[in-house]
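Visitor: Can you keep this structure in mind? I'll have questions shortly.
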Amino acid sequence: VTYPAREIKQIINQMQEIENSIPEEWNKWQRAKYIYEKLGENISYNFNREEYKTLNPSNLSVLLSRKGVCAGYSLLFKEMMDRQSIDCDYIRGRGFTGEGNSEKHAWNVLQIDGYTFSVDLTWDSARLQAGYKDLEYFGCKEDFYETHKQDYDEKNYRYSTFSKESINSIN
């Protein structure tokens, strides 16, 4: 994606605003969870497919429009993790609903302190916006891979899963 200079400056300024709230002494777990929560609280899922052509919901500009789709959430989260020197990958695949339907989907894989785990900011964002702080998709969803199937050409990992209590106790 090519961004106009003005837009990339705005995106960087918004990232820096989030980063400036992070105490220097925080570890990678605290940084990753904080950024995940901040992005989830401030970016809504864009259900209006007509706006996809004008709002670019699948790139970093979701930080400016505050609306995005899974690709935008995941790319932005990856960029923010890269800026924090936290290993993060962007994963493509399919998301499955309770009714057995699926659609193209994107999420992330984090690697912190020897643990590799999946996070899905898109699927946690509505809960975060509603004020819930107990994360469902930040490494603690045991059935994550029943609802998320990565594309065959994506890297395979050996994943860790954590209890909700352990993830939600990170502050």
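The values are calculated or read from the model by the stated rules, or taken from the named source; none is laboratory data. Predicted model, so just to flag it, every value in this text is computed and none were measured. When we count neighbours, we look across all protein chains shown, and the Cβ atoms used for this are built from the backbone with ideal geometry, even at glycine. Note: accessible area is taken over every heavy atom of the protein model, side chains too, but ligands, DNA and RNA are not part of it. Shrake-Rupley method; radii C 1.70, N 1.55, O 1.52, S 1.80 Å.
Visitor: If you wrap the range 103-154's Cα atoms in a convex hull and average its projection over all directions, what's the area in nm²?
Guide: In nm², the orientation-averaged hull projection of the range 103-154 is 4.4.
Visitor: Going Cα to Cα from Lys9, which lysines come in below 27 Å? Please leave out same-chain ones fewer than 8 positions away.
Guide: Here the lysines satisfying the reach criterion relative to Lys9 are Lys28, Lys33, Lys38, Lys53, Lys67, Lys78.
Visitor: Further question on the same structure: About its Cα centre, how strong a charge dipole does the chain have in debye, to the nearest 20, once Lys and Arg get +1 and Asp and Glu get -1 at the Cβ?
Guide: 400 debye
Visitor: Hey, another quick one. Which semi-axes, in whole Å and largest first, does the equivalent ellipsoid of the chain have when worked out from the alpha carbon gyration tensor as the square roots of 5 times its eigenvalues?
Guide: Sorted largest first and rounded, they come to 23, 21, 15 Å.
Visitor: Hydropathy first: keep DSSP H helices in the chain averaging at least 0.0 on Kyte-Doolittle, then drop any whose Cα extent along the axis falls short of 18 Å, and list what survives.
Guide: Sorted by number, the helices that extend far enough and score high enough are 70-83.
Visitor: Right, another one. Where does the Debye-calculated log10 I(q)/I(0) of the range 9-103 sit at q = 0.24 Å⁻¹, using only Cα point scatterers of equal weight, no solvent?
Guide: Evaluating at q = 0.24 Å⁻¹ gives log10 I(q)/I(0) of -1.29.
Visitor: Also, I was wondering about something else. Give me the percent of accessible area attributable to carbon and sulfur for the chain, probe 1.4 angstrom.
Guide: Carbon with sulfur: 45 percent of the solvent-accessible area.
Visitor: Label points 7 Å out from Cα along the Cβ direction at Ser85 and Arg6: separation in nm?
Guide: For the pair Ser85/Arg6, the computed spacing is 3.6 nm.
Visitor: Give me the three principal axis extents of the range 77-171 from the C-alpha atoms, as integers in angstrom, largest value leading.
Guide: Between the extreme Cα coordinates on each principal axis of the range 77-171 lie 35, 30, 22 Å.
Visitor: Which chymotrypsin sites (Phe, Trp or Tyr not before Pro) from the range 19-104 combine a DSSP loop assignment with at most 16 other Cβ atoms within 10 Å?
Guide: Counting only loop positions with at most 16 other Cβ atoms within 10 Å, the chymotrypsin sites (Phe, Trp or Tyr not before Pro) in the range 19-104 are Trp26, Phe47.
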